[in-house]
């Protein structure tokens, strides 16, 4: 099964590199037929498996592979869908590690600030954008596509680092080493 899924992804990636947006006619049904054949072979092998509990676990896995086939092979039908969810898991891991190390957040607003800041940092990394320059742009009110749906004033007020009177970043209010701004911890 692993070899089949990896070969599907390899062929998909080659098509994407060539500018294609879908598989040619008949390719997806061919992959799905191979997938079904592997599941059928698994069911035959499952009947020969010694041990009641091992057989039950294998059968449960085969049932899930059959039931969620459309979801598992969605990346074949729509090239916008990633092959794996590793990026999502890596993003979640950062928040979970923060929760474990610090014991969580004292307030909901702290959790929200952490998520907003982490989102901005991850977007900058993935897009190859300069992080510090974009953070300054955000504080000046130019959010671009970073904070869709989050009012800039609310973002700046929560971080407590933006001096609205002078319209600049203010070291006295936390930016530049003060403990009041979460960005200084990055």
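Any read-out appearing in this document is the output of simple, stated calculations on the displayed coordinates, not a laboratory observation. What you see is a predicted model, and the numbers here were worked out from it, not measured in a lab. For neighbour counting, all protein chains shown are included, and Cβ atoms are generated from backbone atoms with ideal geometry for every residue, glycine included.
In Å and from the alpha-carbon atoms only, list the Rg and Dmax of region 1-140.
21.6, 67
Note down the nm distance, to one decimal, between modelled labels 7 Å out along Cα→Cβ at residue 2 and at residue 39.
Modelled inter-label distance: 2.1 nm.
Please arrange 5, 131 by how many other C-beta atoms lie within 10 Å of their C-beta, fewest to most.
Details: 5 18, 131 13.
So the ranking, lowest neighbour count to highest, is 131, 5.
When only alpha-carbon atoms are used, what values of Rg and Dmax, in angstrom, describe region 17-62?
16.3, 50
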